[in-house]
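Working notes, beginning with the structure itself.
Each value in this text was obtained by applying a stated rule to the coordinates, not by laboratory testing. Note that this is a predicted model, so its numbers are computed, not measured.
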Amino acid sequence: MELNDLIIFKTVVDEGSITKAAKELGYVQPNVSERIKKLEQELEAPLLHRNHKGISLLPSGEILLEYANRILHLVDEAKREIKIGGETYRIGTSQSILSAYLKDRIQEDFMKYQLIIDHSSQLQPLLLQQKADMIITYTNHANPELEEVFRTMLSMSLQKAKGGPVPNYADEFFFVSHDTQCPFRMHTVAFMEEHGLSKRKLHQVDSYSLIREFVAQGKGLAFLPSNTVDVENIDELTTADLPIYFYIHCASQKQIPRDIF
């Protein structure tokens, strides 16, 4: 059974006549009649009752019409999804890059983007398997299959609640994600080692927004992008600049949206 046979059958039913259906489809009437006949032979059941007024559905025809409507609806749905999927630009990145850099650049036209948020170690495989059109990452990849198309910097510093007192580090919790390649986590661990702080004060939270909220509520400290609202830099600490790398697959032919740079 071919998809076009279902279209012909449904058109015959909708038009109530083989002659009208042939005209609607741009076919000659014998071709339409032949396709209906082959459907009946394949299903081993009569589908239509033909009379001088046109056609009417037999019980087997009613069953087929129900399934034909479902199938054709699913095909139309698949076409729409494919069209949308072909138009959207898939970006793999981390929570912090999305919040601190990417969000403001895509919010006016967010419908054309599909965002895949994952740990740093999982971003390169997304691109190599062509499950993403671009990755934006803190990691400098040397893979020959990847092409770096842009690079920028993100300022980072240790931050506390806005207006809060200067912290005694030994009394504070330090919030980080579980992502071992996250530069905010790595800076936090290095800072705690440098100041002889207990690792028991390291609190892992796999939500960038929740880390930011906890710091804003005065529950602890965290290394965050310097432009984060509701928190403030701890003055005596120097900010650090983190490079952000933009990669596409070398085989990609998809046009890069320039509003993300």
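Remind me, relative contact order of region 3-87 in percent, using alpha carbon pairs under 8 angstrom and six or more residues apart? All intermediate terms of the calculation are to be shown ahead of the outcome.
Values: 66 pairs, mean separation 22.3, N = 85.
The value is 26 percent.
Rounded to a whole number, what is D in µm²/s for region 87-238 from Stokes-Einstein with the Kirkwood radius over alpha-carbon pairs (4 °C, 1.567 mPa s)?
Approximately 78 µm²/s, per Stokes-Einstein.
When you restrict to C-alpha pairs under 8 Å that are six or more residues apart and normalise by the size of the chain, the relative contact order lands at 20 percent. Give me the distance between the Cα centres of region 50-82 and region 145-180, rounded to whole Å. Computed from Cα coordinates, the inter-centre distance equals 58 Å.
For the chain, compute Rg over Rh where Rg is the Cα radius of gyration and Rh is the Kirkwood radius from the inverse mean 1/r over Cα pairs.
Radius of gyration relative to Kirkwood radius: 1.30.
Summed over all non-identical Cα pairs, the Kirkwood treatment of region 154-241 gives a radius of 12.7 Å.
Normalised radius of gyration (Cα atoms, divided by 2.2 N^0.38 Å) for region 185-227: 1.16.
I'd like the antiparallel share, as a percent to the nearest 5, of DSSP beta bridges with both residues in region 154-241. Mind dumping the intermediate values first?
Working: 9 of 13 bridges.
The answer is about 70 percent antiparallel.
The alpha carbons of region 3-87 stretch over 49, 26, 20 Å along the principal axes, in descending order.
Of the DSSP H helices in the chain, those that are both long (alpha-carbon extent of 30 Å or more along the helix axis) and hydrophobic (Kyte-Doolittle mean at least -1.0) are 59-87.
The calculated 222 nm mean residue ellipticity attributable to helices in the chain amounts to -11500 deg cm²/dmol, summing -39500 (n - 2.57) over DSSP H runs of n ≥ 4 and dividing by all residues. Take every DSSP beta bridge with both residues inside the chain and express the antiparallel ones as a percent of the total, to the nearest 5. Taking every DSSP beta bridge within the chain, about 70 percent pair in antiparallel fashion.
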